[in-house]
Each structure stands twice: as structure tokens, then as C-alpha cells.
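J.: After the C-alpha cells below, expect a handful of questions from me.
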Amino acid sequence: MSFTPGPWEIRGKKTIRASNGIYVATLSHWNAEANARLIAAAPEMHDALEGADVDLDLLLMAIKAGDPPRELEIRASDIKRRLSAALSRVKG
């Protein structure tokens, strides 16, 4: 899948533009601001989900291998931190 590379940012309250200057979207309805935040965060959320997918596979392998609980906790906390950061961008 290919899309305009991020980061994307909101210009004004309703326009999303990529860092390379390409316009991604312009919204014009009553909840445009909230939707603009969601759309602008899409590249970051995509990266966070891709990373979490890989990291969860590694975490499951570590669990099966019997890695120490502290190491597993550190890995799980890192996944949670990255997903939370992506979500916080949507919430504004």
C-alpha cells in the first residue's frame, strides 16, 4: 500500500497537508476539526500499528522462550507507549 508520506499536519482547522506540501484533504462539514485530527494522524498511526504488529510477534516468541517477566514487561510497555502516542495525536 502506498500513500503520501507523513508527517501530515492540519492547516487552519480543516485542511490536511503533508510535510512535502502535497494537500491530502480539505474537509467542509460540521465535525471537520475532529476528522482533520484523525486524518492527519493516519501516517503516525499506520507506523505505530506496523511496529506493534512486529513487536507483538517478538513478544510472543519471547514468552514462549521463557524470557524473564521484567523483560516482557519492558517490551509490552514500549508497545503501549507508541500506540498511546499515536492515539494522543488524534485526541488533540
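A short reminder: the numbers here are calculations on the coordinates, not readings from a lab. Nothing here was measured: the structure is a model prediction, and the numbers come from that model. No Cβ is skipped: glycine too gets one built from the backbone with ideal geometry, and neighbour counts run over all protein chains shown.
J.: Look through the stretch 6-53, keep the residues that are touching a helix residue (DSSP H, G or I) at 6+ places or on another chain (Cβ under 7 Å) and assigned to a loop (DSSP other than H, G, I, E, B), and return whichever of them is nearest to residue 80 (Cα to Cα).
T.: This residue is 41.
J.: Is the stretch 22-40 home to any residue that is among the hydroxyl-bearing types (Ser, Thr, Tyr) and either under 29 Å from residue 77 (Cβ atoms) or free of Cβ contacts under 8 Å to residues at least 12 places away in the same chain (or both)?
T.: yes
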